[in-house]
1. Can you say whether S84 is small (G, A, S) and closer than 15 Å to P39 by Cα, as far as the supplied structure shows?
2. Between a residue in the stretch 42-69 that is surrounded by 11 or more Cβ atoms within 10 Å (Cβ to Cβ) and any residue that is charged (D, E, K, R), which pairs come within a Cβ distance under 6 Å, given they are 6 or more apart or on different chains?
3. Just one of the numbered conditions (1) farther than 21 Å from Q68 by Cβ; (2) at pLDDT below 85 is not true of T56; which one?
4. If we keep just the residues of the stretch 50-92 that are part of a loop (DSSP other than H, G, I, E, B) and hydroxyl-bearing (S, T, Y), which is farthest from the chain's Cα centre (by Cα)?
Amino acid sequence: MSLKNGKSKLRRISSFWIKYEILIHLPEDSQMFSVSVRPTDTIKDLRVLLVQQGVTSWKKHFFYNGRQLGEYETIKNVNIKNGSVILLHKST
């Protein structure tokens, strides 16, 4: 295995173990709470995690840095980092 391939594989493996604590802001309910996610998690995974914690999110959209996030985008691909705040807002 080449050094380049080894580094790539190590990054993929390490991203499975890395966890970010991010904040979810629900402005309608004046609530903000912390969740733990992996960089490889999708927005849909985040939605499922919230439902498991008792937060109904199916008719709401996630926004980060002023942009609505797609269900199959990963935390890493939308550049969400540890400590980031994601807005969960009702559909209009």
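1. Yes, satisfied.
2. From residues that are surrounded by 11 or more Cβ atoms within 10 Å (Cβ to Cβ), the pairs are I43/E71; I43/E73; K44/E71; S57/R47; K60/K90.
3. (1)
4. Taking the stretch 50-92 and keeping what is part of a loop (DSSP other than H, G, I, E, B), we get 53-59, 65-66, 69-73, 75-84, 91-92.
Next, from what is left, pick out any that are hydroxyl-bearing (S, T, Y): 56-57, 72, 84, 91-92.
On the way: T56: 16, S57: 14, Y72: 11, S84: 9, S91: 19, T92: 22 Å.
Only one residue fits best here, namely T92.
The values are calculated or read from the model by the stated rules, or taken from the named source; none is laboratory data. All of these numbers come straight from a predicted model, not from anything done at the bench. Quick reminder, even Gly has a Cβ in these numbers, built from the backbone with ideal geometry, and neighbours come from all protein chains shown.
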